[in-house]
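The values are calculated or read from the model by the stated rules, or taken from the named source; none is laboratory data. A quick note: this is a predicted structure, and the numbers were derived from the prediction, not measured. Note that we place each Cβ from the backbone using ideal geometry, even for glycine, and neighbour counts take in every protein chain shown.
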Amino acid sequence: MFQSLKHPGVMALTLAAAGILMVTNGVRLANGLFMGPINTSTGLGIVTLSLALGIGQFVWGAIQPVAGAISDRWGPRPVLLGGVLLMSLATAITPFMSTGWGLSISLGVLSAAGAGAASFSVLIGAVAQRMPAESRGTASGVINAGGSFGQFVFAPIAQKLIQLLGWMGAMWAMALITLAALPLVGKVTAKTQALQANTERDAGLKQTVKNAFKNPSYGLLHAGFFTCGFHIAFLVTHLPGEVNLCGLPPSVASWSLAIIGLANIAGSLFIGSCVSKYRSKYLLVWMYGSRAVLVGWYLLMPKTALTFYIFAAGLGFTWLATVPPTAALVGKLFGMRYMGTLFGLTLLSHQIGGFLGAWLGGLAITHQGDYSWMWCADMALAAVAALVNLPIREAPVVRPVAA
């Protein structure tokens, strides 16, 4: 599986990027665990807090193409450093915010913008431009697995910190932990690790983006990724609330999120290795279709801790494993030169879906008392996401012929 990363420079570059994403993604995805304690402390209400986190989902996506364009133009180093520092600062000031507006600024705008600047579009773009084509799929899978490992690690850590220090002390601890990503930035951005020069014809950023949006396959890729964002944001934000509705302890929610992250490590590595063997669009069809089946299974099962853990493991295998084939399709369609920008734009669509998943979940629980119609919408959108990837025009995978 890792043969394509056997060059020591490629492996070091990939692991450093995975480490950065482990921290930024792990801290970001643990925010849902703070909703209950913050609501108890401030009395702001779940709708207000869901809106703040929903804004965060949108901003995390909106910053991706901007950060990607800056990285494509001036290099990834200032973007990654600024992102990590901004995320740490925003997390540290969150306990001082006592209004919905303040939380929307700290968690919804500043923290999300910092996490987005040090996330997929910049990291995968920077790595893809520095390594051979045959290494990119596996590398993106490893980087993606780093983000999932962060979710596995930080969900129980955040829950335990909340129990020991209260939600404010836990936030300050997470702010300090975020700074652990800073030493890895130098590893990702060192010029000596530019292992492959970019020889593609440069049509310019503006023209490349215009050409991309004229391509129907790029639009279909956006549509599928939109539904992926809806699904993930709804679950990561409201799974603790669903667990509470079922009369189960908060530890079931934190361990479910951790299992999702652990399962996605395996899923990301597996799907990343498949990118060089199979058409990426078929990988996406399979993953989105499996989500619709799993949600249907969950709705039919008794709501026990075991059900949540099995559900988390099944969903976790494809959780963010959609990233490697999506990034691969962007690279196949338009090349590597503006990978950060074009993949960042697909992440924007992903997070528009994420905003709706987080916010509408809050409206559902407030006005209906449960998440039943959100689960149905989630299942339907997953099925739609599977279907819209089928018409994407992707060239067949060329396999080497044995001598």
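When you check G137 against the structure, is it at pLDDT 85 or above, of a type outside the set (A, V, I, L, M) and in a helix (DSSP H, G or I), yes or no?
On the way: at pLDDT 85 or above: no; of a type outside the set (A, V, I, L, M): yes; in a helix (DSSP H, G or I): yes.
No: the conditions fail for G137.
Yes/no per residue for (1) surrounded by fewer than 22 Cβ atoms within 10 Å (Cβ to Cβ); (2) modelled with pLDDT under 80:
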{"site": "F2", "(1), (2)": "yes, yes"}
{"site": "T40", "(1), (2)": "yes, no"}
{"site": "G45", "(1), (2)": "yes, no"}
{"site": "L53", "(1), (2)": "no, no"}
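Name the one entry in T237, T227, T189 that is polar (S, T, N, Q), crowded, with 18+ Cβ neighbours inside 10 Å and at pLDDT 90 or above. So that I can check it myself, show each step before the final result.
Details: T237 fails: at pLDDT 90 or above; T189 fails: at pLDDT 90 or above.
After applying the criteria, what remains is T227.
Is one or more of the residues making up segment 137-157 out of contact with any Phe, Trp or Tyr (no Cβ under 9 Å at 6 or more places or on another chain) and surrounded by fewer than 17 Cβ atoms within 10 Å (Cβ to Cβ)?
no
Of these, G68, G26, G61, G82, which one is part of a helix (DSSP H, G or I) and either surrounded by fewer than 20 Cβ atoms within 10 Å (Cβ to Cβ) or modelled with pLDDT of 90 or more (or both)? Give the steps one after another, and end with the answer.
On the way: G68 fails: either surrounded by fewer than 20 Cβ atoms within 10 Å (Cβ to Cβ) or modelled with pLDDT of 90 or more (or both); G26 fails: either surrounded by fewer than 20 Cβ atoms within 10 Å (Cβ to Cβ) or modelled with pLDDT of 90 or more (or both); G61 fails: either surrounded by fewer than 20 Cβ atoms within 10 Å (Cβ to Cβ) or modelled with pLDDT of 90 or more (or both).
Every option except G82 fails the conditions.
Inside segment 9-38, can you point out the residues that are of a type in the set (V, I, T), in contact with a Ser or Thr (Cβ under 6 Å, 6 or more places away or on another chain) and over 13 Å from I143 (Cβ atoms)?
Once the filter is applied, which keeps residues that are of a type in the set (V, I, T), in contact with a Ser or Thr (Cβ under 6 Å, 6 or more places away or on another chain) and over 13 Å from I143 (Cβ atoms), segment 9-38 yields only V27.
Go through the residues of segment 123-130 one by one and say whether even a single one is crowded, with 24+ Cβ neighbours inside 10 Å, over 21 Å from the mean Cα position of the chain (by Cα) and at pLDDT below 90.
Yes, some residue in segment 123-130 is crowded, with 24+ Cβ neighbours inside 10 Å, over 21 Å from the mean Cα position of the chain (by Cα) and at pLDDT below 90.
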